[in-house]
Amino acid sequence: MITPEEILLLSTYSKSELIGGLILGEWAARSKDAYIRSKLTMHAAEEIGHAAYLTQALAELGSLPADVCDESGDQYYARAGRPKNEVEVLAMTEAFEPIALHHYRAHVQTAGVNPVIVDILNKIIKEEQHASWVSDWLDKYSDQNMVSEARQRYSSIIKEVYEKELKRLEKSGNPILMGIADTSRELYKHESGH
């Protein structure tokens, strides 16, 4: 059993993975650096694959992904805007990936989540642990001022957007969504030592 609110949340995950993959793929196609092109292509394919996994999980539970629109512009990609260069696309990725992993872990650890969803999110979590090359590349980039500005910008945006999302989940009235928010906050306390 899966509630309409959970379908909407999983649809949001799927759309986010798909959009992220398309952005990475666009930058892979533009890159003049063979290393970046190769890494972004693999990363894009993985993100798009995650969107497909989520769609398949919803189908297994008897649903299609819901139409997810961001009319308020509060979602990450709407707030972040289109990256203007490779530094920005990588800083965006560096900021987003740890939050997505954290959130998926919180979802998996929340009581009452359908086992199909737990399995698919665990599969995604296992595959997502690959992005250290992004930080390594940014750390070695010649213009560290540009890197620092991009990192600060995207990190600030994802923290703001994620906090709004947690508040939305807390106010949803859906026990599982509220549990995900609670679990996320507890995991954060544990991870940060607070």
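Once region 129-142 is narrowed to residues that are open to solvent by 60 Å² or more (accessible area, probe 1.4 Å) and over 29 Å from Ile176 (Cβ atoms), the residue that is modelled with the lowest pLDDT is Ser132. Can Val134 be described as under 21 Å from Leu22 (Cα atoms) and out of contact with any Lys or Arg (no Cβ under 6 Å at 6 or more places or on another chain)? Here the answer is yes, as Val134 does meet what is asked. Can you spot a residue in region 75-82 that is open to solvent by less than 20 Å² (accessible area, probe 1.4 Å) and within 29 Å of Arg37 (Cβ to Cβ)? Yes; the residues of region 75-82 include at least one that is open to solvent by less than 20 Å² (accessible area, probe 1.4 Å) and within 29 Å of Arg37 (Cβ to Cβ). Here Asn145 meets each of (1) within 24 Å of Glu47 (Cβ to Cβ); (2) polar (S, T, N, Q); (3) exposed (fewer than 12 other Cβ atoms within 10 Å of the Cβ) with one exception, condition (1).
Under 30 Å from Ser38 (Cβ atoms), open to solvent by 70 Å² or more (accessible area, probe 1.4 Å) and more than 20 Å from the chain's Cα centre (by Cα): is that true of Lys126 in this structure? Here the answer is no, as Lys126 does not meet what is asked. In summary, helices (runs of 4 or more DSSP H) completely within region 73-180 and bearing 3 or more residues that are in contact with a Ser or Thr (Cβ under 8 Å, 6 or more places away or on another chain) occur at 86-109. Based on this model, can you work out whether Leu22 counts as free of Cβ contacts under 8 Å to residues at least 40 places away in the same chain, in contact with a helix residue (DSSP H, G or I) (Cβ under 8 Å, 6 or more places away or on another chain), within 24 Å of Val116 (Cα to Cα) and surrounded by fewer than 20 Cβ atoms within 10 Å (Cβ to Cβ)? Here the answer is no, as Leu22 does not meet what is asked. The listed residues are Lys15, Lys32, and the only one of them that is among the charged types (D, E, K, R), open to solvent by 20 Å² or more (accessible area, probe 1.4 Å) and within 21 Å of Leu169 (Cα to Cα) turns out to be Lys15. Candidates are the residues of region 108-118 that are surrounded by 14 or more Cβ atoms within 10 Å (Cβ to Cβ) and over 15 Å from the mean Cα position of the chain (by Cα); the one that is nearest to Met178 (Cα to Cα) is Thr110. Just so you know, in region 3-12 the residues that are part of a helix (DSSP H, G or I) and of a type in the set (Ser, Thr, Tyr) include one that is surrounded by the most Cβ atoms within 10 Å (Cβ to Cβ), and it is Ser11. Which residues, taken from region 10-27, are within 18 Å of Ala78 (Cβ to Cβ) and within 12 Å of the chain's Cα centre (by Cα)? Once the filter is applied, which keeps residues that are within 18 Å of Ala78 (Cβ to Cβ) and within 12 Å of the chain's Cα centre (by Cα), region 10-27 yields Thr12, Tyr13, Ser14, Lys15, Ser16, Glu17, Leu18, Ile19, Gly20, Gly21. Taking the conditions exactly as written (on the phi < 0 side of the Ramachandran plot and free of Cβ contacts under 8 Å to residues at least 24 places away in the same chain), does Glu94 satisfy them or not? It is false that Glu94 is on the phi < 0 side of the Ramachandran plot and free of Cβ contacts under 8 Å to residues at least 24 places away in the same chain. The residues in region 35-63 that are open to solvent by less than 30 Å² (accessible area, probe 1.4 Å), under 21 Å from the mean Cα position of the chain (by Cα), touching a residue at least 60 places away in the same chain (Cβ under 8 Å) and farther than 16 Å from Glu128 by Cα can be counted, and the count is 2.
The values are calculated or read from the model by the stated rules, or taken from the named source; none is laboratory data. Note that the structure is predicted; figures quoted are calculated from it, not measured. We place every Cβ from the backbone using ideal geometry, glycine too, and count neighbours over all the protein chains shown. All accessible areas refer to the heavy atoms of the entire protein, side chains included, with ligands and DNA or RNA removed. Shrake-Rupley method; radii C 1.70, N 1.55, O 1.52, S 1.80 Å.
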